[in-house]
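Data first, discussion second: the structure below is written as structure tokens.
The values are calculated or read from the model by the stated rules, or taken from the named source; none is laboratory data. Just so it is clear, the structure is predicted and the values come from calculations on it, not from any experiment. Here the Cβ positions follow ideal geometry from the backbone for every residue, glycine too, while neighbour counts run over all protein chains shown. Calculation scope for accessible area: heavy atoms of the full protein, side chains included, ligands and nucleic acids excluded. Shrake-Rupley method; radii C 1.70, N 1.55, O 1.52, S 1.80 Å.
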Amino acid sequence: MKKRFLAPSLLSADFSDLNSALAKIESAGCEFVHIDVMDGHFVPQITYGQPVIKSIRSRSNLIFDVHLMVERPEEMVDSFAAAGADYLTFHYESTVHIHRLIQHIHDLGKKAGISIVPSTPVSALSEILSEVDMVLVMTVNPGFGGQKLIPSCVKKISELEQLKYENGYDYLVSVDGGVNNDTVESVVNAGADVVVSGSAFFSGKFNWEY
């Protein structure tokens, strides 16, 4: 059976008590934590930066999947790698020299992820799918927690799974946005390897049975 990972998103945690949030994630048996970094430019809000990630790194052995929802991520990957990221996931829409940035992330000894917003097709990634370790499909427009999943985005998960197996690629397919008890089955059935859940997970009512 295919192994799937639940990656709770700290975006929906109590920012004043991240230690408790990490403890809850670990007690749920999760291996990943999804950390949304927002710069107030690529998306409207600002969340947290390198100092926060560095401070919680010493408190947790979880895999830190750092989602850079920022402009010019190439200027930030070194510092986020040093702060303790395991995966550095940046947006296709945020930078021009994508292949170069993927190579640089690998040179830092980190896993490289690429993310696409709802309006970007999977076909835009055709030249770099062989290079990445994760592809993150946004099923909401990024920037805010608690949004409803856009159903038409789910087919991108299936597309990526098909391309992976047809070409022998080795990336994980991750999905983020509006995943709750009503929608989790659809993204799992589509083939997601990593399922990000924020509001639903931290509400204490999310049923993860995969």
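Taking into account only those residues within segment 61-80 that are in a helix (DSSP H, G or I) and open to solvent by 10 Å² or more (accessible area, probe 1.4 Å), which is nearest to PRO118 (Cα to Cα)? Filtering first and then ranking leaves GLU74. Of everything in segment 58-83 that is without any contact (Cβ under 8 Å) to a residue 40 or more places away in the chain and charged (D, E, K, R), the residue that is farthest from ILE98 (Cα to Cα) is ASP78. Those helices (runs of 4 or more DSSP H) of segment 92-210 in which 2 or more residues are acidic (Asp, Glu) occupy 154-167. Look at LEU108 and say whether it is modelled with pLDDT of 95 or more, open to solvent by less than 20 Å² (accessible area, probe 1.4 Å) and in contact with a strand residue (DSSP E or B) (Cβ under 9 Å, 6 or more places away or on another chain). No.
Here is the figure for segment 1-59: residues that are within 20 Å of ALA200 (Cβ to Cβ) and not aliphatic (A, V, I, L, M) total 20. In the set (1) modelled with pLDDT of 95 or more; (2) buried (at least 18 other Cβ atoms within 10 Å of the Cβ); (3) under 18 Å from ALA83 (Cβ atoms), the condition left unmet by LEU6 is number (3).
When TYR92, TYR87 are checked against the criterion of being closer than 25 Å to VAL154 by Cβ and touching a Gly at 6+ places or on another chain (Cβ under 8 Å), a single residue qualifies: TYR87.
Take segment 3-57 and flag every residue that is among the basic types (Lys, Arg), in contact (Cβ under 8 Å) with a residue 60 or more places away in the chain and assigned to a helix (DSSP H, G or I). So that I can check it myself, show each step before the final result.
Applying the first criterion (among the basic types (Lys, Arg)) to segment 3-57 yields 3-4, 24, 54, 57.
Narrowing further to those that are in contact (Cβ under 8 Å) with a residue 60 or more places away in the chain: 3-4, 24.
Result: LYS24, single match.
Within segment 161-191, being β-branched (Val, Ile, Thr) and either within 16 Å of ILE128 (Cβ to Cβ) or touching a strand residue (DSSP E or B) at 6+ places or on another chain (Cβ under 6 Å) (or both) holds for VAL173, VAL175, VAL179, VAL187.
For the condition over 29 Å from ASP78 (Cα atoms), at pLDDT below 95 and open to solvent by less than 70 Å² (accessible area, probe 1.4 Å), what is the one hit in VAL179, VAL154?
Details: VAL154 fails: at pLDDT below 95.
The unique qualifying residue is VAL179.
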